[in-house]
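To start, the structure itself, in structure tokens.
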Amino acid sequence: MSYCRSEGKDGKDKIIFATAEDHATESTVKLPEPEESPGLILPNGEINWNCPCLGGMATGPCGVEFREAFSCFHVSEADPKGSDCIEAFATMQECMLKYPEIYDKKSEGRDGDDEEEDPMDKLAAESSASKTQNSDEKPAQQDAKKD
């Protein structure tokens, strides 16, 4: 026979002793249906910064930079999508490089042996190439003006 005993300060803790017979019958407790998780994009179209799918990237030392880059990508209408956000992603990556102990690829379970190029590396390379190209053009234009 099962019984319950109250213990602790003010008797608020309850200890329930159950017998084998109590466990032999199926439970009649009905749990509520789990609420549907809103996911990354909320029904109103906004980004759900609390989504576990972001892996905490929206917080931390580069959270602001991540949110700016991700927001830019979310609203981007460029072709290809996000190509107008390269500077924001490059800024985010520059920040992440300052905190390798937090944002190191290998700590995320990636072994680094993949032949596939990391999209963040590609964005940073494109951004750097764009800046280098622009700085190379300026002296050439000045030389042309001198002639």
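The values are calculated or read from the model by the stated rules, or taken from the named source; none is laboratory data. Note that the coordinates shown come from a computational prediction; the quantities given were computed from them, not determined experimentally. FYI the Cβ positions are ideal-geometry reconstructions off the backbone, even for glycines, and counts take in every protein chain you see. Remember, those area values only see protein heavy atoms, side chains included, never the ligands or the DNA or RNA. Shrake-Rupley method; radii C 1.70, N 1.55, O 1.52, S 1.80 Å.
Things to note:
- The single residue among Glu26, Glu7, Glu68 that is more than 30 Å from Glu101 (Cβ to Cβ) and open to solvent by 100 Å² or more (accessible area, probe 1.4 Å) turns out to be Glu26.
- Selection status of Ser37, within 30 Å of Asp104 (Cβ to Cβ) and either among the charged types (D, E, K, R) or in contact with a helix residue (DSSP H, G or I) (Cβ under 7 Å, 6 or more places away or on another chain) (or both): no
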